[in-house]
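Trainee: Submitted below is the structure of interest, expressed as structure tokens.
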Amino acid sequence: MKEFQGRRRLRHFLYSKVTIVVLVVLVLLMSKALWGAYRKNSLAEAGKDQARASLFELEDQQRQLEKRVEWLSTARGQEEEIRKNFSVIAPGENLIVVVDGVGTSTNGEDWSAGESWWRRSVEAIKNWWF
């Protein structure tokens, strides 16, 4: 009989309001901790993906720079780079300078192909007077 009364007390204790409230609070605290760990994990995964993309980009840049250094270590590469940056020529060569800006004069005026010299003169006089 005492055995049944002990079980009854245990069941009464487990199903009491206080025990249920404590268990609910514990479940809420554990779920909050689990949610925080999940958020940290997702942030770490995003950071890992971003770092991996940055690593690939940097490795590609390193390969390009290694090719450039290899090219510049040759005589032809050095000569080409000097010609490109400093507009120099070797002895016995001629230099041709190509200028962009079709329809522009040396003083910066715009000479459009469709306008006659008369129209440009009238416009110049108007601009000078007004």
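Trainee: What Rg and what Dmax come out for region 2-88 when only alpha-carbon atoms are used, in angstroms?
Mentor: Considering region 2-88 through its Cα atoms, Rg and Dmax are 34.5, 110 Å.
Trainee: Quick one: net charge of Y38's neighbours, Cβ under 14 Å, K/R +1, D/E -1?
Mentor: Here the count lands on +2.
Trainee: Still on this structure, I have one more. Could you compute the FRET efficiency for Q78 and S54, with r as their C-beta to C-beta distance and R0 at 25 Å, rounded to 0.05? Can you show the working numbers first?
Mentor: Details: r = 32 Å, r/R0 = 1.29.
With a Förster radius of 25 Å, E is 0.20.
Trainee: May I ask you to derive the FRET efficiency for V69 and L43 from their Cβ-Cβ distance with R0 = 41 Å, giving the value to the nearest 0.05?
Mentor: On the way: r = 38 Å, r/R0 = 0.93.
That pair, V69 with L43, gives E of 0.60.
Trainee: Same structure again: Could you calculate the FRET efficiency of E93 with S116 from 1/(1 + (r/R0)^6), where r is the beta carbon distance between them and R0 is 41 Å, rounded to 0.05?
Mentor: Values: r = 41 Å, r/R0 = 1.00.
It comes out at approximately 0.50.
Only the coordinates and a few stated rules stand behind these numbers; no lab work does. Quick caveat, the model's predicted, so the values are computed rather than measured. With ideal geometry, Cβ positions are generated from the backbone for all residues, glycine too; neighbour counts draw on all protein chains shown.
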